[in-house]
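All remarks here apply to the structure that follows.
Nothing in this text is a laboratory measurement; each read-out follows from the coordinates by a stated rule. None of the values given here were measured: they were computed from a predicted structure. Glycine gets a Cβ as well: all are built from the backbone with ideal geometry, and neighbour counts include every protein chain shown.
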Amino acid sequence: MNVLERTDSGLYCRAADAWIDPSRPVSRALITHAHADHARPGCGEYWAVDVSEGVLRQRLGRDIHLHCMPYRQEFWLNQACLSFHSAGHVLGSAQIRVMVEDQVWVVTGDYKRCPDPSCEPFEVVPCDVLITEATFGLPIYAWAPGTLVATQIRDWWHGDRERPSLLFCYSFGKAQRLLAELNAIGVDEEVLLHGAVETVTRHYREAGVAMTSSRPVSELPRKDSLAGRLILAPPSAHRSAWMRRFRSPQTAFASGWMAVRGARRRRGYERGFVLSDHADWQGLVQTVLHSGAKTVYVTHGQSDVLARFLRERHGLDAQPLDQLI
Amino acid sequence: MNAFAALIEELDQSTGTKRKIDLIADHLQQADAHDAAWTVLLLMGERRKRLITGRRLREILQQASAMPDWLFDDCQSHVGDSAETLSLLWPQLRNDIPAQIHNPEVAFWIDQLSSAPPMHWWMETLLPAIAAMEPNEQTNAVLTIWESLPDERLFLFNKLLTGGFRIGVARGLVVKAIAAGFNLEEALVLERLMTPWAASERWFQSLTAINSEERANRGPVPYPFFLASPLKQESIDAGPASEWWVENKWDGIRGQLIQRGSGTYLWSRGEELINEQFPELIDMAAAIPEDTVLDGEVICWAETEPQPRPFSDLQRRLGRKTVGRKLRLECPVSFVAYDLLEHNGDDLRSTSLQQRLRQLDELHQRIGEKPSGWRCRLSSGQQLGHWDQLDQLRAQAVERGAEGVMLKHLKSPYLSGRKRGYWWKHKRDPMTLDAVLIYAQAGRGRRANLFTDYTFALWGQPQEPSSNPQLVTFAKAYSGLNDSEILELDRWIRSHTQERFGPTRSVAPELVFEIGFEGIQTSKRHKCGLAVRFPRILRWRHDRTAESANTIVDAQTLCDQLANRGEAS
């Protein structure tokens with residue numbers, strides 16, 4: 001009997017009568033992290049990591065029925081013993097460990113292996129069966145340390161004081177990591193934020209993450225040219241009406257996808273900084289090997305590629321997740 | 001080499017045209033002339049001999065790293081460029097590859113590399129030397145150079161070695177940059193670029209030399225062609241119709257016929273000398289006075305026939321090195337003259353079209369008296385009386401076997417390149433069919449990892465009366481969708497993939513697109529028995545289901561109609 005099974009609503013644990021990151025409303029949801037494709041509104045009750053509470057409630061509603069658990073603390077739902085373990089993806093992101101009888105399954109959710117000053121590092125959780133993501137599951141993806149990328153960003157920003165520097169990045173996770181990485185390399189100049197970035201950043205400050213000072217760009221007078229300032233904004237703001245207030249800005253995008261030239265040019269940004277909150281190829285392969293799992297299911301992105309590589313090179317029983325019954 | 005690498009990196013990080021022009025102009029002013037010549041050649045996308053194929057380069061990395069073939073394939077179809085894929089993979093794989101034991105010759109090159117040699121040394125000495133090596137030595141050399149280069153240089157090195165070098169800089173932009181950097185007229189730069197290119201100091205110096213007024217005999221060198229843009233109604237409405245000249249737009253190839261004391265030269269728009277393929281036109285040119293240059297259309301057209309043959313007849317000649325007697329008889333050729341650029345040594349390009357046409361008319365009459373003079377035809381045109389006539393004239397032109405009309409301002413000088421305002425082309429509406437999307441393949445460059453190369457099918461006859469009709473491949477098309485449609489379609493393709501064959505995917509036959517094309521003819525080479533010219537997507541037919549798409553029989557009917565129109569008139 002499998003500990004987890006695939007249903008129309010997502011991964012289901014029969015022993016706990018609970019779904020992991022369900023794709024539609026269910027009675028009980030276990031949430032790996034608060035990104036919109038993992039945490040959806042409308043469920044009866046939610047179980048998640050305590051530090052993710054602020055962002056979760058902001059996104060799913062103040063009055064959701066939410067059970068908060070610290071990392072590593074075991075709790076029982078019916079016949080299943082569950083615990084959350086840090087995934088190193090964003091603030092409060094977790095892998096979920098599910099033990100039923102003597103079988104241990106781990107769902108990684110989204111994760112990364114390189115250090116990130118804005119959230120807890122990834123924890124290796126030994127298991128029998130691992131369900132891993134593979135967003136960047138190709139060997140062309142290999143990340144440089146965040147401090148190095150932060151230095152490139154600072155040099156780009158300080159290299160043109162005549163114009164505003166618009167840096168696009170995901171508003172939850174990447175933006176705060178950038179503020180923390182900049183802080184870590186000694187930048188103490190105030191950074192300006194798009195409204196969508198600002199609302200999430202508040203929760204990071206409450207959680208005590210050390211970041212450079214920041215302010216919503218909307219607080220500055222409209223006639224301010226913003227020359228020489230760094231502004232963080234979500235990709236959806238690129239070429240939007242909001243962008244019109246900046247006079248001929250230099251633009252860049254911070255994302256793992258920027259590793260490939262065509263991907264950057266297609267999006268029309270001048271610069272691409274390669275910074276990801278997902279594991280790179282080595283990170284994915286090492287995580288699988290370290291977990292000791294003999295059976296691996298791969299989901300998101302390059303699931304066929306990673307599964308085949310694990311089978312052929314490492315002799316593991318690895319399949320894309322859609323092969324799980 | 002460092003300066004060139006820096007230029008490429010900065011160009012890559014700029015999106016504005018103005019900024020790119022400034023960067024190139026600055027670089028060319030400061031660079032050594034020999035290196036600058038190479039920069040111009042590379043930026044203009046001048047085709048060089050391929051030194052090492054992308055496949056060979058990949059083989060070198062693969063043999064050294066034991067990375068499986070399929071994984072390479074997946075990476076490459078994701079990145080869309082083999083040189084870039086290798087540059088991204090090398091930093092990952094280098095630790096698994098044993099350090100190279102340098103053989104003495106390779107060690108010599110590496111030693112040279114450490115002294116920051118100039119760009120022309122890379123292009124003329126190092127890269128050809130690597131290309132000429134024995135396989136083992138070559139592997140050793142490439143791996144050693146990869147080891148010694150910083151990661152950010154790998155891409156450039158691989159690109160230069162594999163020959164293809166397109167980095168998103170248009171030719172026109174380089175011309176503007178040369179003009180700006182050396183204070184020259186763009187037209188003059190274009191004209192100088194018509195001389196054979198060479199990666200030498202002298203060539204670059206003559207390209208950028210200050211303009212000395214006197215223009216020596218150009219010899220066999222053609223003038224830069226003046227190109228027309230597709231007509232936009234709003235762009236002409238302003239002026240009176242009578243200022244415009246309308247003539248047939250023939251479906252041949254653009255040519256410039258030059259008569260000098262030193263010989264006769266027929267150039268195609270692609271700047272290729274095509275004397276050998278059209279010897280009859282060279283004979284005919286004997287009737288043209290010395291130092292005279294005609295602009296016109298090379299087309300298959302028999303002496304006694306009222307209208308030209310289809311483009312496919314011309315194609316039969318273009319593929320040949322020489323044209324035999326049989327082909328000369330089967331595909332008789334004419335030159336339809338429509339402009340006179342130089343006459344008896346006078347450069348007429350700055351005079352008005354009206355003036356040039358008058359002189360062309362006189363010249364044509366004199367040529368016509370000679371034995372093979374019929375091969376030089378005059379493009380019959382007329383002054384436009386009223387704007388309302390335009391569409392009717394176009395319809396008549398199509399009846400006469402033209403692909404539409406040209407609209408030229410009677411006062412227009414003969415400019416160079418594509419300059420808007422004076423010359424417009426107004427082609428017939430394309431033929432269209434609704435076809436079903438059945439395969440998709442990822443694009444390259446800017447379209448890497450996006451499914452942008454599409455294959456479309458029409459409904460064929462059922463194999464047996466009782467069986468269902470089958471979709472038969474009809475045409476491939478790459479252009480016509482806007483960026484948001486491309487993204488939407490890409491997502492759809494990923495979620496409706498049925499099978500994968502390497503980089504190609506077959507998709508559920510559900511989506512219908514209106515495909516436009518310029519011509520259609522029978523073909524033995526194509527599965528459906530028909531070949532189309534310039535197929536492109538006109539629109540996504542959200543309102544249609546696959547069942548309602550057109551059939552091969554419909555396409556056949558179009559083909560027959562086209563053929564009949566040719567014979568009837």
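Structure values in brief
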| item | result |
| --- | --- |
| Built amide H within the under 5 Å cut-off of A:LEU220, gap 5+ | none |
| Mean-position separation - Cα centroids, segment A:178-222 and segment B:182-208, in angstrom | 52 |
| Modelled FRET efficiency - R0 45 Å, A:ARG72 with B:GLU488, Cβ distances, 0.05 increments | 0.55 |
| Net charge of neighbours whose Cβ lies under 10 Å from the Cβ of B:PRO332, counting Lys and Arg as +1 and Asp and Glu as -1 | -2 |
| A:THR295/A:ARG205 FRET efficiency (R0 45 Å; Cβ-Cβ; nearest 0.05) | 0.60 |
| Within-13-Å neighbourhood charge of B:SER352 [Cβ basis; K, R +1; D, E -1] | +3 |
| Residue-by-residue Karplus 3J(HN,Hα) for segment B:140-156, coefficients 6.51, -1.76, 1.60, Hz, glycine and proline x | 4, 5, 5, 4, 5, 5, 4, 4, 8, 8, x, 3, 6, 9, 4, 4, 4 |
| Overall Cα dimensions of segment B:226-427 - principal axes, largest extent first, Å | 50, 36, 31 |
| Gained length - B:SER200 relative to B:GLU547, 0.36 nm times residue gap less alpha-carbon distance | 118.9 nm |
| Dipole magnitude of chain A, debye to nearest 20 (Cβ charges: Lys/Arg +1, Asp/Glu -1, about Cα centre) | 1500 |
| Kirkwood-Stokes translational diffusion coefficient of chain A, alpha-carbon pairs, 25 °C, 0.890 mPa s, µm²/s | 119 |
| Amide H within-cut-off set for A:LEU66, under 5 Å, with H built and near neighbours excluded | A:TYR46 |
| Sum of -39500 (n - 2.57) over DSSP H runs of 4+, divided by residues of chain A (222 nm, nearest 500) | -7000 deg cm²/dmol |
| Where GluC sites (Glu not before Pro) fall in DSSP loop in segment B:161-195, at most 12 other Cβ within 10 Å | B:GLU185 |
| Under 16 Å from the A:SER248 label point (7 Å along Cα→beta-carbon), backbone N, segment A:221-241 | A:225-229 |
| Cα-Cα separations in segment B:275-395 greater than 17 Å, expressed as whole percent | 61 |
| FRET efficiency, B:ARG94 to A:ARG311 (Cβ-Cβ, R0 25 Å, nearest 0.05) | 0.50 |
| Length added when fully stretched, B:ASN2-B:SER352, from 0.36 nm per residue minus Cα-Cα | 121.2 nm |
| Summed side-chain charge close to A:GLU162 - residues other than A:GLU162 whose Cβ falls under 12 Å, Lys, Arg +1, Asp, Glu -1 | +3 |
| Mean Cα-pair separation over length for chain A, i.e. relative contact order, pairs under 8 Å, 6 or more apart, % | 17 |
| Descending principal axes extents, the protein assembly as shown, alpha-carbon based, whole Å | 104, 76, 65 |
| Segment B:431-567: relative contact order as a whole-number percent, Cα under 8 Å and 6+ apart | 29 |
| Rg/Rh ratio calculated on Cα atoms of chain B (Kirkwood radius) | 1.00 |
| Volume per residue that the Cα convex hull of segment A:144-279 spans, once the total is divided by residue count, Å³ | 104 |
| Value of relative contact order over segment B:153-282, rounded to a whole percent, pairs C-alpha under 8 Å and six or more apart | 15 |
| Cα-projected label distance for A:ASN2 with B:GLN396, points at 7 Å along beta-carbon direction, nm | 7.4 |
| Principal axis dimensions, largest first and in whole angstrom, of segment B:2-162 by Cα | 46, 37, 27 |
| Note, ³J(HN,Hα) from phi for segment A:43-57, Karplus 6.51, -1.76, 1.60, rounded to Hz, x at Gly and Pro | 7, x, 9, 10, 10, 7, 6, 4, 5, 8, 4, x, 5, 4, 5 |
| Long-range amide H partners of B:ARG269 with built H, under 5 Å | B:ARG254 |
| 20 °C / 1.002 mPa s Stokes-Einstein diffusion coefficient of segment B:431-567, Kirkwood radius on C-alpha pairs, µm²/s | 138 |
| Derived scalar couplings ³J(HN,Hα) [segment B:177-187; Karplus, 6.51 cos²θ - 1.76 cosθ + 1.60; whole Hz; x for Gly, Pro] | 5, 5, 4, 5, x, 10, 6, 10, 6, 4, 4 |
| Ratio of the Cα radius of gyration of segment A:266-313 to 2.2 N^0.38 Å, where N counts its residues | 1.48 |
| Helical contribution to [θ] at 222 nm, DSSP H n ≥ 4, -39,500 (n - 2.57), averaged over chain B, rounded to 500 | -11500 deg cm²/dmol |
| Translational D in µm²/s for segment A:210-269 (Stokes-Einstein at 10 °C, 1.306 mPa s, Kirkwood Rh from C-alpha pairs) | 118 |
| Fully extended contour minus Cα-Cα distance, from A:SER225 to A:ALA241, at 0.36 nm per residue | 4.1 nm |
